[in-house]
Amino acid sequence: MESLKITLSEKDISNKWYNIVSDLPFIFVPPINPATKKPLKKKDLEPIFPKSLIDQEVSFKKWIDIPGDVIDIYRLWRPTPLRRAKRLEKALKTSCRIYYKDESASPTGSHKTNTAVAQAFYNKKEGVKRLITETGAGQWGAALSFACNVFSLKCRVYMVKVSFEQKPFRKSLMRIWGSEVFSSPSKLTASGRQILKYDPHCRGSLGIAISEAVEEAVKNKDTKYALGSVLNHVLLHQTVIGMEVKKQLNIAKERPDFLIGCVGGGSNFAGFTFPFIKESVDKGKIKIIAVEPTACPTLTKGLYKYDFGDTAMLTPLIKMFTLGHRFIPPGIHAGGLRYHGCSSLISALYDKRIIQAVSFHQLEVFKAAVFFAQAEGIVPAPETAHAIKCAIDTARRNKNKCIVFNFSGHGFLDLASYDKYMNHQLKNYAYPMSEIKKALKDLIPIEKSLKLS
């Protein structure tokens with residue numbers, strides 16, 4: 001009988017991360033220091049990141065060595081299996097072959113642990129005592145909490161208020177690993193207090209939570225900030241996913257026709273697809289699809305402009321597809337996809353039409369998630385379910401194709417959301433273009449002020 005699981009051995013764990021910057025078929029646009037209005041320098045990032053991660057952020061090296069201490073922790077769950085979704089194929093009555101890379105095998109249940117361990121290691125090595133971060137759905141907060149526990153670092157997490165209330169057990173997970181968790185916006189920071197003064201009932205956003213975390217990090221010498229997505233070094237650490245997929249597809253004697261991943265900031269999508277981008281550009285036979293929620297349509301309705309990564313305008317300016325740093329999305333249950341911007345690398349690839357993007361409503365995403373769970377037996381996170389919805393649609397529209405998607409995390413701590421779906425308590429959100437245009441108003445003045453020549 002054909003195997004439904006393609007596994008690798010420990011010797012197949014990559015000892016290098018792949019840096020796509022070295023293979024881009026265009027010039028990559030640098031981030032900007034908002035104070036000088038000029039390209040960012042490494043020293044500009046030193047108040048919030050350790051020097052080793054800053055070096056990775058700006059590196060043009062194609063391969064970056066993974067430290068042995070990081071590989072030792074990776075061995076707890078890597079390599080992760082590539083699974084053939086035969087029961088899903090049967091339920092769909094499709095001739096397509098559907099595979100999914102199961103990143104839910106990590107200790108925290110998602111792909112986020114790949115970069116959390118690396119970031120905690122480099123901070124520990126440079127003498128940092130405490131890390132501060134934000135989290136949307138809580139998967140990143142849980143991953144960093146796990147990693148800080150491994151390397152004996154203190155950790156504080158600002159969790160977007162809507163998810164803080166929707167997903168209580170993700171808070172439990174963070175606290176089990178020793179982290180402090182606060183609802184954002186909070187009264188602990190100036191940026192949080194300012195938001196609450198303007199809107200006492202604000203349900204929060206990743207942009208607001210980032211502001212709170214960055215503000216606190218720069219005020220404490222023994223503290224650094226850690227980010228779970230968007231930046232180059234974060235996406236770099238996730239490429240262990242795609243490099244394993246390449247090996248596993250070779251074992252299965254398969255070549256992908258479609259690669260699919262959900263996108264918020266972009267880390268799981270990048271880690272899964274970046275090792276395939278050069279082949280796609282050179283041969284043009286792989287369709288690579290980024291999937292986002294209609295309620296936060298960054299790629300499909302945003303503008304490709306310089307914007308801040310946070311609401312309080314404390315971060316560098318990044319060239320990306322964005323809905324505007326003041327954009328606060330509705331309280332959909334895919335909290336990890338509720339970010340106003342997208343990785344500059346993914347944005348550039350989308351701008352050049354090297355990758356494609358689609359968006360889906362919340363109810364159709366949950367419907368696909370339940371269909372998948374009933375066929376394959378594993379419950380996906382609401383974020384992951386966006387990729388599943390796209391994979392199902394792709395299988396229904398095609399014949400005899402190889403479809404591979406990234407199963408970025410399980411949904412065992414999202415069961416309250418599934419209960420609401422099955423009790424008909426969820427609704428769709430399509431953010432009005434009038435509101436998107438309002439949120440984008442600040443972008444044109446920002447770009448006009450920059451000194452890029």
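The values are calculated or read from the model by the stated rules, or taken from the named source; none is laboratory data. These figures come from a predicted structure and were not determined experimentally. Note that we place each Cβ from the backbone using ideal geometry, even for glycine, and neighbour counts take in every protein chain shown.
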Checklist entry - How many residues does the range 257-279 contain that are surrounded by 24 or more Cβ atoms within 10 Å (Cβ to Cβ) and either within 19 Å of Asn398 (Cβ to Cβ) or polar (S, T, N, Q) (or both)? => result 6
Checklist outcome for this item: When (1) crowded, with 24+ Cβ neighbours inside 10 Å; (2) at pLDDT below 95; (3) out of contact with any Leu (no Cβ under 9 Å at 6 or more places or on another chain) are applied to Thr294, the one that fails is (1)
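Here is a check on your reading of the model: is Leu413 farther than 25 Å from Leu92 by Cα and either modelled with pLDDT of 95 or more or within 22 Å of the chain's Cα centre (by Cα) (or both)?
On the way: farther than 25 Å from Leu92 by Cα: yes; either modelled with pLDDT of 95 or more or within 22 Å of the chain's Cα centre (by Cα) (or both): yes.
When the stated conditions are applied, Leu413 passes them.
One line per residue, one yes/no per condition, for (1) modelled with pLDDT under 95; (2) of a type in the set (Lys, Arg); (3) part of a loop (DSSP other than H, G, I, E, B):
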{"position": "Ser359", "(1), (2), (3)": "no, no, no"}
{"position": "Ala385", "(1), (2), (3)": "no, no, no"}
{"position": "Ile392", "(1), (2), (3)": "no, no, no"}
{"position": "Arg396", "(1), (2), (3)": "no, yes, no"}
{"position": "Val404", "(1), (2), (3)": "no, no, no"}
{"position": "Asn428", "(1), (2), (3)": "yes, no, yes"}
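Here's a check for you: in the range 101-126, which residue that is assigned to a loop (DSSP other than H, G, I, E, B) and in contact (Cβ under 8 Å) with a residue 60 or more places away in the chain is farthest from Val214 (Cα to Cα)? Let's see the steps before the verdict.
We begin by selecting, within the range 101-126, every residue assigned to a loop (DSSP other than H, G, I, E, B); these are 106-109, 111-112, 126.
With in contact (Cβ under 8 Å) with a residue 60 or more places away in the chain added as a condition, the list becomes 108-109, 111-112, 126.
On the way: Thr108: 24, Gly109: 26, His111: 23, Lys112: 19, Glu126: 19 Å.
Checking each candidate, the answer is Gly109.
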Checklist outcome for this item: Counted residues in the range 39-89 being under 21 Å from Val21 (Cα atoms), surrounded by 15 or more Cβ atoms within 10 Å (Cβ to Cβ) and of a type in the set (D, E, K, R) come to 3
Checklist entry - Given (1) hydrophobic (A, V, I, L, M, F, W, C); (2) part of a loop (DSSP other than H, G, I, E, B); (3) touching a strand residue (DSSP E or B) at 6+ places or on another chain (Cβ under 8 Å), where does Met313 come up short, assuming only one miss? => result (3)
Next on the checklist: Can you tell me which condition Ala105 does not meet? The list is (1) over 19 Å from the mean Cα position of the chain (by Cα); (2) under 23 Å from Tyr18 (Cβ atoms), and all the others hold.
Outcome noted: (1)
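From the list Gly204, Gly265, Gly284, pick out the single residue that is on the phi > 0 side of the Ramachandran plot, at pLDDT below 95 and either more than 23 Å from the chain's Cα centre (by Cα) or assigned by TED's automatic domain parsing to the domain that holds Thr384 (or both).
Values: Gly204 fails: either more than 23 Å from the chain's Cα centre (by Cα) or assigned by TED's automatic domain parsing to the domain that holds Thr384 (or both); Gly265 fails: on the phi > 0 side of the Ramachandran plot.
Sole residue among the options that is on the phi > 0 side of the Ramachandran plot, at pLDDT below 95 and either more than 23 Å from the chain's Cα centre (by Cα) or assigned by TED's automatic domain parsing to the domain that holds Thr384 (or both): Gly284.
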Checklist outcome for this item: Those residues of the range 142-172 which are more than 19 Å from Leu206 (Cβ to Cβ) and hydrophobic (A, V, I, L, M, F, W, C) amount to Phe146, Ala147, Cys148, Val150, Phe151, Leu153, Phe169
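Taking Glu134, is it in contact with a strand residue (DSSP E or B) (Cβ under 6 Å, 6 or more places away or on another chain), buried (at least 24 other Cβ atoms within 10 Å of the Cβ) and touching a residue at least 60 places away in the same chain (Cβ under 8 Å)?
Details: in contact with a strand residue (DSSP E or B) (Cβ under 6 Å, 6 or more places away or on another chain): yes; buried (at least 24 other Cβ atoms within 10 Å of the Cβ): yes; touching a residue at least 60 places away in the same chain (Cβ under 8 Å): yes.
Answer is yes for this residue.
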Next on the checklist: Suppose we filter Ile378, Ile328, Ile354 for residues that are in contact with a His (Cβ under 9 Å, 6 or more places away or on another chain), of a type in the set (Val, Ile, Thr) and surrounded by fewer than 22 Cβ atoms within 10 Å (Cβ to Cβ); which single one remains?
Outcome noted: Ile378
Checklist entry - Could you list, in sequence order, the residues of the range 406-426 that are under 17 Å from Ile378 (Cα atoms) and part of a loop (DSSP other than H, G, I, E, B)? => result Ser408, Gly411, Phe412, Leu413, Asp414
Checklist outcome for this item: Conditions (1) assigned to a loop (DSSP other than H, G, I, E, B); (2) touching a residue at least 60 places away in the same chain (Cβ under 8 Å) -> Lys253 fails only (2)
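Tell me, please, whether a residue that is part of a helix (DSSP H, G or I) and at pLDDT 90 or above can be found in the range 154-164. So that I can check it myself, show each step before the final result.
Narrowing the range 154-164 to residues part of a helix (DSSP H, G or I): 161-164.
Among the residues that remain, those that are also at pLDDT 90 or above are: 161, 164.
The answer is yes, given that some residue of the range 154-164 is part of a helix (DSSP H, G or I) and at pLDDT 90 or above.
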Checklist entry - Exactly one of (1) touching a strand residue (DSSP E or B) at 6+ places or on another chain (Cβ under 9 Å); (2) under 30 Å from Asp307 (Cβ atoms); (3) modelled with pLDDT of 75 or more is unmet by Lys451. Its number? => result (3)
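Determine whether the range 220-240 contains at least one residue that is out of contact with any helix residue (DSSP H, G or I) (no Cβ under 8 Å at 6 or more places or on another chain) and in contact (Cβ under 8 Å) with a residue 12 or more places away in the chain. Give the derivation first.
Applying the first criterion (out of contact with any helix residue (DSSP H, G or I) (no Cβ under 8 Å at 6 or more places or on another chain)) to the range 220-240 yields 220-222.
Checking the rest, the ones that are also in contact (Cβ under 8 Å) with a residue 12 or more places away in the chain come to 220, 222.
Scanning the range 220-240, I find at least one residue that is out of contact with any helix residue (DSSP H, G or I) (no Cβ under 8 Å at 6 or more places or on another chain) and in contact (Cβ under 8 Å) with a residue 12 or more places away in the chain, so the answer is yes.
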Item to check | Residues that are within 16 Å of the chain's Cα centre (by Cα), more than 15 Å from Tyr431 (Cβ to Cβ) and at pLDDT below 85, drawn from the range 311-356 | outcome: His333, Gly335, Gly336
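Per-residue answers, yes or no, for (1) at pLDDT 95 or above; (2) of a type in the set (Gly, Ala, Ser); (3) assigned by TED's automatic domain parsing to the domain that holds Ile260:
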site	(1), (2), (3)
Lys51	yes, no, no
Ile54	yes, no, no
Asp69	yes, no, no
Leu88	yes, no, yes
Ala91	yes, yes, yes
Ser95	yes, yes, yes
Lys101	yes, no, yes
